[in-house]
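The values are calculated or read from the model by the stated rules, or taken from the named source; none is laboratory data. No experiment lies behind these values; they were computed from the predicted model shown. With ideal geometry, Cβ positions are generated from the backbone for all residues, glycine too; neighbour counts draw on all protein chains shown. Note: accessible area is taken over every heavy atom of the protein model, side chains too, but ligands, DNA and RNA are not part of it. Shrake-Rupley method; radii C 1.70, N 1.55, O 1.52, S 1.80 Å.
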Amino acid sequence: MQKTAKIGDALIDEGKITQEQLSKALLIQKESNFSKKLGEIFVDEGLISEKEFAKILASQLDFEFIDLYNINIDFSLLKNFSLNMLKSTDSIIIKEDEDFIHIAISDPLNYEYMELLERNIVTKPIKYYISLKSDIKYIFERFEIIETARTLMEKVKNEINSKEFKLDNKQSSIMLLIEQIIKSAIRNGASDIHIEPNNTDVSVRNRVDGVLREVFVLDIEVYNALASRIKILGNLDISEKRRSQDGRFSMIVNSNQYDFRLSTAPTLYGESIVMRILDQQKILLKLEQLGMSEKNLKKFQTLLEAPYGIVFVTGPTGSGKTTTLYAALNDIKDIEHKIITIEDPIEYQLSLVQQIQINEKIDYSFNNVLRSVLRQDPDIIMIGEIRDEETLNTAVGASLTGHLVFSTLHTNDAPSAITRMIQMGLQPYLAADSLVGIVTQRLVRKICKSCKREHKPHLSLTKKVSQYLPEKYIFYNGKGCVKCNFSGYLGRVMICEILQINDALSTKISQEKNRFEILQEALKYGYEPMLIDGIDKALNGTISLEEVLRVVKV
């Protein structure tokens, strides 16, 4: 208890908490019959982060805080000790030298755990470090991943070293390894697979709900064969390793057809390979399934009813822009309208829609295709991305001659899209006359329903958004469970903002007003920044406040 009191005083001295907050935490601890630790209470109450507390605790106890991501851990040591004992004590052996066995622990005040370690590790004295519990858990996961892949690795290496090894053999061990990587990604609901060579190994990571998770660690010896076999699948040049290449292939996995968009890029230790998974069974969402709030959905439907003009969907790569455009086209397509899309690449096939793939290698660019498309008598045109002034001017020209045009831009918010158009060389009066509306969006992770609980975010976060919060509010997060792979999140949902262009805004745009003046004018007519949509979804328990502030600037 004396050490605990000192920690409370240290937090006060550091300006992390007040005396009143310490007294409240001690009361909560007493009410829990001392089952809750003081540090745990401070973190739960949003007064301090887990890392901040660990560093102050380390300073108080004269231990070194160590970041496990910044050191090389000797995994071979773990085989010499009981993994169950290390896991149960939230500790991990990081190295061994002539004098000590070096162990990182998450709770240096748990003397029962430390006594258990010292009773079972008797070869040398133990030197303790403090690390985060979540980091220790991740290191164990990585160790188990390496061990799981080891058997398959040996088969692949033996096959590569044999005289009969052929890259194009569909039954080879390297092909079985690729299939295993792909099946694992699909089983985990991944959108992308990243294969990245390092100086000593190869990391295979899946992007699940927008966040990368490591799933395999492969030996560097198998990398060249793995990369070459994947490039053969995508019809790429296996001898070209100095330039980026793009390709595509299909594969049947668990009786379902999947398409894979393949990209390679040269890095320091070899080619980085990314495979985007396109599930043909999950092609289209209806507008109502996008996750828009009711008021934003009504605004978006109003934009789709425009007889002509240009509608932009903006946001960074991976924010769901293409999904939104497909949902819009799927909603308005009918036998009476001719719809043409210009894409790079065509991700999904749509009925009643003519889809054109651009090809830069033969100078069949967005602008060249768009000019020819205008002679096809279309009613609605979707341009995958506007990349240059020429394409922008042609698209705006089409929107002013009776066509409804949809496209995407990379901007952080809706008002910025207007200034971006003018920066690209478009005359302000043309932007004012052609624009119908702008949708800016992000995808954020949803809280897992199976482990959802009330949660108090860090005070620094709630202060940032205090002007948007009601007098009484409750936020939520996920504790972590089997269903969400202990992440606390499962699935993603859109947060967005929609800027509808009216006469007043058109006047401001034609007068070449800056982003701030356009924003102030838009706020008068019902425009709400994306942050408000995110906070609304956080307050109703769909997402966490931390997720909102991860993707939206305050």
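The table for this structure:
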{"quantity": "Tally, over the range 488-509, of residues that are out of contact with any helix residue (DSSP H, G or I) (no Cβ under 8 Å at 6 or more places or on another chain), more than 21 Å from Lys295 (Cα to Cα) and surrounded by 17 or more Cβ atoms within 10 Å (Cβ to Cβ)", "calculated": "2"}
{"quantity": "Qualifying position, being closer than 24 Å to His458 by Cα, touching a residue at least 24 places away in the same chain (Cβ under 8 Å) and touching a helix residue (DSSP H, G or I) at 6+ places or on another chain (Cβ under 7 Å), among Glu52, Glu64, Glu14", "calculated": "Glu14"}
{"quantity": "Within the range 513-533, considering residues that are more than 12 Å from Ala414 (Cα to Cα) and outside any helix (DSSP H, G or I), the one most open to solvent (accessible area, probe 1.4 Å)", "calculated": "Tyr525"}
{"quantity": "Conditions (1) open to solvent by less than 10 Å² (accessible area, probe 1.4 Å); (2) within 24 Å of Gly320 (Cβ to Cβ): number failed by Leu218", "calculated": "(2)"}
{"quantity": "Among the residues listed as Ser272, Ser228, Ser244, the single one being open to solvent by 40 Å² or more (accessible area, probe 1.4 Å), modelled with pLDDT of 90 or more and closer than 27 Å to Thr200 by Cβ", "calculated": "Ser244"}
{"quantity": "Selected residue (criterion: farthest from Asp62 (Cα to Cα)) from residues of the range 156-167 that are of a type outside the set (A, V, I, L, M, F, W, C) and surrounded by 15 or more Cβ atoms within 10 Å (Cβ to Cβ)", "calculated": "Glu159"}
{"quantity": "Whichever residue in the range 281-298 is at negative phi and either crowded, with 18+ Cβ neighbours inside 10 Å or part of a loop (DSSP other than H, G, I, E, B) (or both) and, among such residues, is modelled with the lowest pLDDT", "calculated": "Ile283"}
{"quantity": "Answer residue from the range 190-200, given it is over 11 Å from Val274 (Cβ atoms) and open to solvent by less than 30 Å² (accessible area, probe 1.4 Å) and is farthest from the chain's Cα centre (by Cα) among those", "calculated": "Pro197"}
{"quantity": "Residue count, the range 180-206 (criterion: free of Cβ contacts under 8 Å to residues at least 24 places away in the same chain, among the charged types (D, E, K, R) and closer than 17 Å to Tyr258 by Cβ)", "calculated": "1"}
{"quantity": "Residue check, Ser466 free of Cβ contacts under 8 Å to residues at least 24 places away in the same chain and either buried (at least 22 other Cβ atoms within 10 Å of the Cβ) or under 24 Å from Glu45 (Cβ atoms) (or both)", "calculated": "yes"}
{"quantity": "Selected residue (criterion: least open to solvent (accessible area, probe 1.4 Å)) from residues of the range 119-146 that are closer than 17 Å to Phe63 by Cα and charged (D, E, K, R)", "calculated": "Lys127"}
{"quantity": "Qualifying positions in the range 11-60 - under 19 Å from Ile130 (Cβ atoms), open to solvent by less than 80 Å² (accessible area, probe 1.4 Å) and more than 30 Å from the chain's Cα centre (by Cα)", "calculated": "Leu11, Lys16, Leu38, Ile56, Leu57, Ala58"}
{"quantity": "When residues of the range 137-167 are limited to those that are more than 34 Å from the chain's Cα centre (by Cα) and among the polar types (S, T, N, Q), the one modelled with the highest pLDDT", "calculated": "Asn158"}
{"quantity": "Residues located in the range 69-105, provided they are under 33 Å from the mean Cα position of the chain (by Cα), open to solvent by less than 30 Å² (accessible area, probe 1.4 Å) and without any contact (Cβ under 8 Å) to a residue 60 or more places away in the chain", "calculated": "Leu86, Thr89, Ser91, Ile92, Ile93, Ile94, Ile103, Ala104, Ile105"}
{"quantity": "The range 240-280: number of residues that are assigned to a loop (DSSP other than H, G, I, E, B) and over 21 Å from Glu196 (Cβ atoms)", "calculated": "2"}
{"quantity": "The range 179-214, residues that are at pLDDT 90 or above, in contact with a Leu (Cβ under 7 Å, 6 or more places away or on another chain) and more than 30 Å from Val493 (Cα to Cα)", "calculated": "Val202"}
{"quantity": "Near pairs, Cβ below 7 angstrom, 6+ apart or cross-chain, from the range 136-156 (basic (Lys, Arg)) to any residue that is at pLDDT 80 or above and part of a helix (DSSP H, G or I)", "calculated": "Lys155/Ser173"}
{"quantity": "Residue list for the range 311-338, restricted to those being buried (at least 21 other Cβ atoms within 10 Å of the Cβ), outside any helix (DSSP H, G or I) and among the aliphatic types (A, V, I, L, M)", "calculated": "Val311, Val313"}
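Conditions tested, residue by residue: (1) modelled with pLDDT under 90; (2) in contact with a strand residue (DSSP E or B) (Cβ under 7 Å, 6 or more places away or on another chain); (3) not basic (Lys, Arg).
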| position | (1), (2), (3) |
| --- | --- |
| Ile342 | no, yes, yes |
| Ile356 | no, yes, yes |
| Ser365 | yes, no, yes |
| Arg375 | no, no, no |
| Ile383 | no, yes, yes |
| Leu392 | no, no, yes |
| Thr401 | no, no, yes |
